[in-house]
Ligand code: KG4
Ligand code: ZN
């Protein structure tokens, strides 16, 4: 598909995009038109990887191969559309597991070539941010808190393709800390949702450090908090004491998430922006959602958090970002597109 045809598609008000996501352990396909999700199909591999305590890359790619065509057909059927109704195909090309990404990229390339329609390459993290555009009227500029398995970032989204970094984690990502703490507590994979669930039954009775809370910058740190939990568990073990897991989950969650809430509000004050969006898997957390809602309401900030289904990995968010790219005349890829496992979010000047 040449550039000219791609440019012609930009004039179409709500192009119909088939989006594919396979960066980690969810195989997903969606049909998105503008900001509307016409359908979303997700085949989760959680049960498959649970017995290993985490995602096994080789197992993930094999299962993506098995599922990708089925989820696509399911998404098309749900949207009441056929392949020939599609205007473009979008796919996550990074960051993620190399073999897993390659399955989606190869599948999307094949569909685009067979139908002779544009292929749009999408950065997974930008997809998480774009989940906030689905069924909403959010437009830049806004402050965005990105909290996933690999990112803990506060940024100013000045335009759809223009991000300014405000703060980031100096060590582990928030989601990574959730997963590691859950593992230490013997909770099943994935740890984040397990801690969220268990914390609701407990009280935040353990004193844990709130890392970088006193700092005036907007950076985060999670390795100290993780170590504090590990030390607490070791001490209890040595003393032969039983630790109340629900209380420890509630304490960890408050320590990990209160800082995110405070610094997000601080970012809004500093930038003077009155819109805050939240992106990434950790934004599915019930404590974070509840506390951000309360803090935003108090500060007169309009809060955007996608429904939980659009917070964790899904193809609808990839379709949303592809729509933004297409509108800007960006993202057109060809048969040379390949996976970029270490793709990093790029920030604009004046960061
Ligand atoms: O955005 P995501 O689905 O994948 C990446 O792009 O990294 O985020 C996955 C992370 C995992 O660390 C997972 O434990 C965490 O999001 N997560 C949660 C919750 N749901 C997913 N963390 C806390 N509470 C949750 N409810
Ligand atoms: Zn993700």
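Percent relative contact order of the chain, based on C-alpha pairs within less than 8 angstrom and at least six residues apart?
25
Against the longest alpha carbon principal axis of the chain, how many degrees, from 0 to 90 and to the nearest 10, is the axis of helix 223-238 turned?
Approximately 50 degrees, to the nearest ten.
Suppose each label sits 7 Å from its Cα in the direction of the beta carbon; what would the residue 299-residue 162 distance come out to in nanometres?
The modelled label-to-label distance comes out at 2.3 nm.
Decide, for segment 47-161, between rounded, prolate and oblate: order the square roots of the alpha carbon gyration tensor eigenvalues as a ≥ b ≥ c, take rounded if a/c falls under 1.5, and otherwise choose prolate if a/b is larger than b/c, else oblate.
oblate
Count the DSSP beta bridges whose two residues both fall in the chain, then state the antiparallel fraction as a percent rounded to the nearest 5.
That works out to approximately 60 percent antiparallel.
At 0.36 nm per residue, and after removing the present C-alpha to C-alpha distance, how many nm does the segment from residue 184 to residue 87 gain when stretched out fully?
30.2 nm
Quick check: the angle from helix 245-271's long axis to the longest principal axis of the chain, C-alpha only, nearest 10 degrees?
For 245-271 against the chain, the angle is about 60 degrees.
Can you give the relative contact order of segment 140-305 as a percent, counting alpha carbon pairs under 8 Å and 6+ residues apart?
That works out to 27 percent.
Between rounded, prolate and oblate, where does segment 140-305 land on the alpha carbon gyration tensor, with a ≥ b ≥ c its root eigenvalues, rounded for a/c under 1.5, else prolate if a/b exceeds b/c?
Cα axes put segment 140-305 in the prolate bin.
Suppose only helical runs count, i.e. DSSP H with n ≥ 4. What mean residue ellipticity at 222 nm does that imply for the chain under -39500 (n - 2.57) per run, divided by all residues and rounded to the nearest 500 deg cm²/dmol?
-13500 deg cm²/dmol
For segment 172-237, what is the relative contact order in percent, using Cα pairs closer than 8 Å and at least 6 residues apart in sequence?
That works out to 34 percent.
Could you work out Rg/(2.2 N^0.38 Å) for the chain, with Rg from alpha carbons only?
For the chain, the normalised Cα radius of gyration is 1.01.
Please report the antiparallel percentage of the DSSP beta bridges confined to segment 1-146, to the nearest 5.
Of all bridge pairs located within segment 1-146, approximately 60 percent are antiparallel.
Please arrange 120, 48, 42 by how many other C-beta atoms lie within 10 Å of their C-beta, fewest to most.
Ascending number of Cβ neighbours within 10 Å: 48, 42, 120.
How would you classify segment 23-93 from its alpha-carbon gyration tensor, with a ≥ b ≥ c the square roots of the eigenvalues: rounded for a/c under 1.5, else prolate if a/b is greater than b/c, otherwise oblate?
Prolate, since a/c reaches 1.5 and a/b exceeds b/c.
For helix 174-184, report the angle its Cα long axis makes with the longest principal axis of the Cα atoms of the chain; keep it between 0 and 90° and round to the nearest 10°.
Approximately 60 degrees, to the nearest ten.
None of the figures in this text is laboratory data; all of them are computed from the coordinates on show. Bear in mind the structure is a predicted one, so any value in this text is a computation, not a measurement. Cβ atoms come from the backbone with ideal geometry, glycine included; neighbour counts cover every protein chain shown.
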